[in-house]
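The values are calculated or read from the model by the stated rules, or taken from the named source; none is laboratory data. From a predicted model like this one, the values you see are computed outputs, not experimental measurements. With ideal geometry, Cβ positions are generated from the backbone for all residues, glycine too; neighbour counts draw on all protein chains shown. Side chains are part of the model used for accessible areas, which takes the heavy atoms of the whole protein and leaves out ligands, DNA and RNA. Shrake-Rupley method; radii C 1.70, N 1.55, O 1.52, S 1.80 Å.
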Amino acid sequence: MRRRRRGLLGAVVAGLTVLASFLVAPTPAQAYGYLTVKTARIYTNAGCSRAGDGVMLPVTRVSGGCMLYDSADNTFFQDDAGGIAMKFELHDSQGMVGKVEFHPYDEKVYVYDTRNDGDTIYVKTRIGSGSLRGPYSPTGTSNPIDYTVVDHDAAEGATFYVYIYDDAAGSDLIVSMYGIA
């Protein structure tokens, strides 16, 4: 009799555990879900030529640098011989949700949240074989566009890596790329 009660108690506990697991809402792996990432790697010399392939954003040569137009505030990369700039645009079905830029001229990274939707992107950086820095993300406000600027100190010619995540812990990588300071 004692053995049977223990078996019955175990079955009830197991059943309640299974039931509780159905009542807990699952957490999505990505807050944004499906994103289209458009990128550009641009030599910031006098020609503004592309330094890679993939979904490339159009670039226009203008006086003193390279211009990439977008729906937030556009991007201007100042001439910097030997530098490779990077720009990322992240879009969902309703338009741009964020963008990230690496400017080799002054080794700055711009991280934008271009939609007031309660979510943001997170960026980590690495110079050469150094350790990861960050995460960096814009401060959430009621403004339509929020951004933060991170000023790095990198030697001319150093490889500069940018990693974009959907979470602050850095476990949900969206895209990564490298440029040259």
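Considering the stretch 75-104, and only residues there that are under 17 Å from Arg126 (Cα atoms) and open to solvent by 10 Å² or more (accessible area, probe 1.4 Å), the residue that is nearest to the chain's Cα centre (by Cα) turns out to be His103. Number of residues in the stretch 59-80 that are aliphatic (A, V, I, L, M) and assigned to a strand (DSSP E or B) equals 3.
The combined condition, being surrounded by 22 or more Cβ atoms within 10 Å (Cβ to Cβ) and in contact (Cβ under 8 Å) with a residue 12 or more places away in the chain, is fulfilled by Asp113. The residue of the stretch 18-74 that is least open to solvent (accessible area, probe 1.4 Å), among those that are modelled with pLDDT of 90 or more, under 17 Å from the mean Cα position of the chain (by Cα) and small (Gly, Ala, Ser), is Ala40.
Filtering the stretch 125-181 to residues that are in contact with a Pro (Cβ under 9 Å, 6 or more places away or on another chain), part of a strand (DSSP E or B) and surrounded by fewer than 16 Cβ atoms within 10 Å (Cβ to Cβ) leaves only Thr148.
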